[in-house]
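Structure first, commentary second.
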Amino acid sequence: MYAHTDHFRQRLHQQGRYVSVPIVAEAIKQGQLRWNTTDGWRFALVKHGVRYVIVVGDTETQSPVVVTGWTAIDDWETARAEARWNETDLQTIRLRADLSGHRDEQIPDRIRPRSVDRAFEIGGHRVVTAAGERAVSCVDCDGQFRSKDDLKRRHCRR
C-alpha cells in the first residue's frame, strides 16, 4: 500500500473523479505500468469501458506515493452498456478529460455536445453544462468558462 499525497486525498472526494482507494490498489496490482518523465509512474487499468490512470511518484519521497488519478473513456459503447455508469457519469468523464487534455485552449466545440447536470469540481469551481452550451458554468459564482486555464485563473466567489 502506497501513501497518498494531500493532493490525491483532496481529489479522492471530489464529485466526478470516479477514482477510489480500491481502484488505486487494483490499478497498481493489475494495470499496465508506464513511466512518464514528467510525473512518475503511471498505472492504467481499463474497467467497464473506462480507463483509470493512477500516478505514483518515487523521486522526491523515501517511498512511492500516489500523486493523482483520473478517468477517461476507453470504449464508449462498452461503458454505455455497463450498469456501473449512467449518461451523466460518462459525459462528466469525457468533459473533464477534454478540459484537462486541452487545458490552455478554449474548447467550446468539445463542451457543446456535453450535458452534465450534476456539478463536479474543477479549478476550484463546481461546474455544469447543457447540450448546446459553449461553456461550463459554475453553480456557485455563475462564471462561464471555456477552458481549464480559465477555470483555474478566476477564483470562485462562493
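Between the range 80-122 and the range 125-158, what's the alpha-carbon centroid distance in Å?
Value for the Cα centre distance between the two parts: 13 Å.
Filter the GluC sites (Glu not before Pro) in the range 11-87 down to the DSSP loop ones having no more than 11 other Cβ atoms within 10 Å, then list what survives.
Counting only loop positions with at most 11 other Cβ atoms within 10 Å, the GluC sites (Glu not before Pro) in the range 11-87 are GLU60.
Helix 21-30 against the longest principal axis of the chain: what's the angle in degrees, Cα atoms only, rounded to the nearest 10?
The helix 21-30 is inclined about 50 degrees to the chain.
Using helices alone, I'd like the mean residue ellipticity at 222 nm for the chain: each DSSP H run of four-plus residues gives -39500 (n - 2.57), total over residue count, nearest 500.
Mean residue ellipticity, 222 nm, calculated: -8000 deg cm²/dmol.
For the range 1-94, just the Cα set please: Rg and Dmax, both in angstrom.
13.4, 43
In straight Cα distance, which aspartates and glutamates are under 18 Å from LYS29, not counting same-chain residues fewer than 8 positions off?
ASP58
Accessible area of the chain with a 1.4 Å probe: how many percent of it is carbon plus sulfur?
Its accessible area is 44 percent carbon and sulfur atoms.
Select from ALA27, ALA97, ALA131 the residue whose mean-square fluctuation is largest in a Gaussian network model of the chain (Cα-Cα springs shorter than 10 Å).
Per the Cα network of the chain with a 10 Å cutoff, ALA131 tops the list.
For Cα extents along the principal axes in Å, one of (1) 44, 37, 24; (2) 59, 31, 27; (3) 80, 42, 41 was computed from the structure I shared and the rest are decoys. Which label?
(1)
Counting only heavy atoms of protein chains, what accessible area per residue, in Å², does the chain have with a probe of 1.4 Å?
It amounts to 56 Å² per residue over the chain.
If you line up the long axis of helix 87-101 against the longest principal axis of the chain, both from Cα atoms, how many degrees apart are they, to the nearest 10?
Its long axis makes an angle of about 80 degrees.
The values are calculated or read from the model by the stated rules, or taken from the named source; none is laboratory data. All values derive from a computational prediction rather than experimental measurement. Positions of Cβ are generated from backbone atoms using ideal geometry, with glycine treated the same way; all protein chains shown enter the neighbour counts. Heavy atoms of the whole protein, side chains included, go into the accessibility calculation; ligands, DNA and RNA do not. Shrake-Rupley method; radii C 1.70, N 1.55, O 1.52, S 1.80 Å.
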